[in-house]
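Every number in this text was worked out from the coordinates using simple rules, so none of it is lab data. This structure is a prediction, so every number in the text was calculated from the model and none was measured. Cβ sites come from the backbone with ideal geometry, for glycine too, and all protein chains shown count toward neighbours.
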Amino acid sequence: MNLQSKRVLHSSPSLAAFTLASGRLGGLILFLLIAPCACDHPAAPTVTMQIGRESFALELATTEAEQELGLMHRDHLDSDKGMIFIFPDVAIRTFWNHDVSFPLDLIFLDAGGRIVSIKQMQQFSDLDVSSDAAAKYAIELNAGTAAGVGVKTGDTLSIPNQVAALSGR
């Protein structure tokens, strides 16, 4: 609304009070809609997956929107948690760590679960990090976790049935 139309609306005292109250109510409604976004993300569906010597609860990122958001806007990631990106095809994958406040390991897997590359991403980094070969899945874990659980390029991880079923979409 431009300044001229505000002057017209406020020409009547009762209309001005209504406009002011509506504006405050609208602001409150907008705040209530946006405020949850600044907190922890809502509980996303997860799958348990064995990675090396440890088991992890991985959030499923299957839609483009979920994949674009990834782990952004969080202040931490529990040591037994992560995220698995499930893609509809096998291709070179490129990630960045924009608006992620902690460094990550990025494990790229082919359709059979073979690790095609493991990369590291620094917090708040806009540098592109790509898989060395075509990947169907990517798993994000806290930095240092891949080495800590003993996985390396060439190892094969067992893809959970739930993940395999989702990858056929």
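Please compute the volume of the convex hull spanned by the alpha-carbon atoms of the range 46-167 and report it per residue in Å³. The partial results should precede the final answer.
Values: hull volume 10.6 nm³, N = 122.
Each residue corresponds to 87 Å³ of Cα convex hull volume.
Looking at the range 98-149 from every direction and averaging, what is the projected area of its Cα convex hull in nm²?
Working: hull surface 14.0 nm².
Taking the Cα atoms of the range 98-149, their convex hull projects to 3.5 nm² on average.
Test of understanding: what is the full-extension gain from GLN122 to HIS76, defined as 0.36 nm times their sequence separation minus their Cα-Cα distance? Spell out each step's value before the answer.
Values: separation 46, 0.36 × 46 = 16.56 nm, distance 1.36 nm.
Full-extension gain reported as 15.2 nm.
Taking K and R as +1 and D and E as -1, what net charge do the other residues with C-beta under 9 Å from the C-beta of VAL100 add up to? Spell out each step's value before the answer.
On the way: positive: ARG74; negative: ASP99, GLU140.
Counting the neighbours of VAL100, the net charge comes to -1.
With a 10 Å radius around each residue's Cβ, average the other Cβ atoms per peptide and rank 89-95, 106-112, highest first.
Working: 89-95: 15.0, 106-112: 20.3.
Averaged packing, sorted descending, gives the order 106-112, 89-95.
Spin-label pair THR63-TRP96: with each label point 7 Å from Cα along the Cα-Cβ axis, the two points sit 2.3 nm from one another.
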